[in-house]
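These notes are about the structure you will find just below.
What follows is calculated from the coordinates using simple rules that are stated; it is not laboratory data. The structure presented is a predicted model; accordingly, all values stated were derived computationally and were not measured. Please note: Cβ atoms are built from the backbone with ideal geometry, for glycine as well, and neighbour counts cover all protein chains shown.
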Amino acid sequence: MKVTIRDVAKEAGVSPSTVSRVLSNNERISQETKQKVKEAIKKLNFKPNAIARSLANNKTHILGIILPNEIENTFANPFFIQVMQGISLYATQHHYYLMYAVAKDKKDELKYVKDFTLNGRVDGIVILKAESQDHTIELLKEMNFPFVVIGHPEDTDTTLWVDNDNESATYQVVDELIKSGHKHIGFIGAKIDWVVSKDRLEGYKKALRDNQIVYDEALVYHGTGFDERTGEEGAKVLLSKKELTAILTTDDLIAVGVNLYCNENGKDGKVLIGFNNTVIGQYQNPPISSIDIQAVKLGWYASKLLINQLEGKEQKNKHYIVETEWIKRK
């Protein structure tokens, strides 16, 4: 027969409500009473109902994940899948579950945030990107609701966030390309209002400046999505203006599109570099070099920061910078 709270209460000589308060770690219960209840729980091998315990604690043990409003590419891009894998790995180890919101635009994204928070559906929220003047982040801060950002927000001091040093990673690649003889390096990115896009472009510009090469807007293209289409369109535009020897893209899917255009139009022989080091790039012809940003680790640390805050654990760091590595292929 299943052991109930009433059985535990009878064994410990207390009321069922006292047992519930002990399970929710109520500070008003004396240590002596807590000890009696814990001994009764152990003796009877009582397994508290997770839902009942959550109600008692006023917690759901659920994290809400706000997917980017450009959702058409989210599940096609391995980066987002890897990030969510990392979030899930840490969350499940600490008995948290995940709820996803698929927003079709920014207005829809804000609606989901309000639904998650005001209706008590989740304990905390994970945002998968940061934008300039991000209204989602502003709303969550106004509500004082727990959240973490993958990407660095404008307020880096009081916000929980995880990111790579995207400016430095891009700088190192472009600097090495220049020192190896490349003078005409194209840059193809997307979503220029995203902080990650701005950081990678800034790294590109800084490497040019430090090597006394004038920044040329004709060598830069910004598309609408982190996808093959942006890569193909960007390659077509840039290669019609200049004879490039190398092209840096801000995502492996963009690099795949560049590769496809070059192969189909006799423009091969370029040094091509992507970001995220997904398996897609490895199986291209030729294989695409890429900057590994360790997306799984980004998600893992984001989950850790948020859950530690929810559990009231003291943590010295409010952010983590995850290291990157340039994976060179033929």
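Quick look at the numbers
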| read-out | value |
| --- | --- |
| Gap separating the Cα centres of the range 78-99 and the range 100-163, nearest whole Å | 17 Å |
| Trypsin sites (Lys or Arg not before Pro) restricted to DSSP loop in the range 103-164 with at most 13 other C-beta within 10 Å | Lys104 |
| Count, lysine Cα pairs under 26 Å in the range 225-330, 8 or more residues apart or across chains | 22 |
| Cβ-placed point charges (K, R +1; D, E -1), dipole of the range 150-252 about Cα centre in debye, nearest 20 | 580 debye |
| Dimensionless Rg/Rh of the range 115-240 - Kirkwood Rh, Rg from C-alpha atoms | 1.09 |
| Sequence-distant residues sharing a close amide H with Ile247 (under 5 Å, placed H) | Gly186, Val271, Leu272, Ile273 |
| Degrees separating the helix 78-93 axis from the principal Cα axis of the chain, which is the longest one | 20 degrees |
| Hull volume in cubic angstrom per residue (convex hull over the Cα atoms of the chain) | 160 Å³ |
| Exposed GluC sites (Glu not before Pro) absent: longest stretch of the chain, with sites in DSSP loops and at most 15 other Cβ within 10 Å deemed exposed | 28-153 |
| Given charges at beta-carbon only (K, R positive; D, E negative), |dipole| of the chain in Debye | 1600 debye |
| Isotropically averaged projected area of the range 206-316, using the convex hull of Cα atoms (one quarter of hull area), nm² | 9.5 nm² |
| Note, ³J(HN,Hα) from phi for the range 174-183, Karplus 6.51, -1.76, 1.60, rounded to Hz, x at Gly and Pro | 5, 4, 5, 4, 5, 5, 8, x, 7, 10 |
| Helix axis angle, 252-264 relative to the chain longest principal axis, alpha carbon, degrees | 30 degrees |
| Rel. contact order, % - alpha carbon contacts under 8 angstrom, at least six apart, the chain | 17 percent |
| On Cα atoms only, tilt of 31-44 relative to the major axis of the chain in degrees | 90 degrees |
| Formal net charge of residues neighbouring Asp134 (Cβ-Cβ distance under 12 Å; K, R +1; D, E -1) | -3 |
| Hits among lysines - C-alpha to C-alpha of Lys198 under 18 Å, sequence gap 8 or more where chains match | Lys129, Lys206 |
